[in-house]
Structure formats: C-alpha cells, structure tokens
Amino acid sequence: MKKSMYALLLIVLLSYPLFAQIGGIENSVNDISDTIRAIFPIILGIIFLVGFLFNAGHFFGENADLKKGITRVLIFVLIAGAVVGIFTYLIGIVV
C-alpha cells in the first residue's frame with residue numbers, strides 16, 4: 001500500500017511539468033492564430049485584386065467577351081470562397 005502511494009506521488013510530480021508545456025503550446029498556437037486572422041483579409045483582398053486584373057482583359061479591349069469574363073470571375077470567386085470557408089473551419093477547430 002505504501003509503495004503504491006509513493007509510486008502515485010512520483011507519477012503526479014513527474015507529469016506536472018508536462019501539463020505546463022502543453023499550456024505553453026496552446027498559448028503560442030493562439031498567438032499564431034490571432035496573427036493569421038489579422039493578416040488573412042489583407043491577403044484575400046490581394047488575391048481578389050490579382051484575379052480581377054488577370055480577367056480584366058475579357059471585359060475590355062478588341063476581343064472583349066463579357067460572358068467568358070463573367071464566367072471566369074464567378075469561378076474565381078467560388079474557388080476563393082471555398083478556400084475561405086475551409087480556412088475558417090480549420091481555424092474554428094484549432095482554437
């Protein structure tokens with residue numbers, strides 16, 4: 001009985017620092033997550049701007065094709081929306 005109490009006490013004392021390390025990891029993950037959340041809208045805006053500029057040739061000029069331009073912009077918006085949805089879902093799971 002006495003040996004099992006000493007063993008239990010030893011296990012508790014040895015496992016206590018492990019919990020502190022896990023708490024430190026959680027704090028650093030939260031910091032990284034907050035940074036990504038702050039930067040993500042800026043990156044998304046740049047992606048939309050670049051996507052529009054690549055597709056702007058379909059709206060203006062001699063070979064303007066409005067249907068093709070709108071179709072490409074809609075496909076681009078759907079793909080970007082899917083990426084945003086997946087990113088938001090993953091951030092919601094992690095934090």
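The values are calculated or read from the model by the stated rules, or taken from the named source; none is laboratory data. All values derive from a computational prediction rather than experimental measurement. FYI the Cβ positions are ideal-geometry reconstructions off the backbone, even for glycines, and counts take in every protein chain you see. For accessibility, only protein heavy atoms count, side chains too; no ligands or nucleic acids. Shrake-Rupley method; radii C 1.70, N 1.55, O 1.52, S 1.80 Å.
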(request) Among residues belonging to the range 78-94 that are open to solvent by 80 Å² or more (accessible area, probe 1.4 Å) and of a type in the set (A, V, I, L, M, F, W, C), point out the one that is farthest from T35 (Cα to Cα). (result) L78
(message) Can you report the number of residues in the range 58-93 which are of a type in the set (S, T, N, Q) and within 9 Å of the chain's Cα centre (by Cα)?
(response) 1
(request) Report, by residue number, each residue of the range 27-72 that is among the hydroxyl-bearing types (S, T, Y) and either modelled with pLDDT under 80 or farther than 20 Å from I93 by Cβ (or both). (result) S28, S33, T71
(message) Show the residue pairs meeting these rules: Cβ distance below 6 Å; 6+ apart or different chains; first residue within the range 42-67 and farther than 14 Å from G81 by Cα and free of Cβ contacts under 8 Å to residues at least 24 places away in the same chain; second residue open to solvent by less than 70 Å² (accessible area, probe 1.4 Å) and assigned to a helix (DSSP H, G or I).
(response) N55/G69; N55/V73; H58/G69; F59/G69; D65/H58
(request) Would you mind stating whether I75 is at pLDDT 80 or above and either surrounded by 10 or more Cβ atoms within 10 Å (Cβ to Cβ) or within 23 Å of G92 (Cα to Cα) (or both)? (result) yes
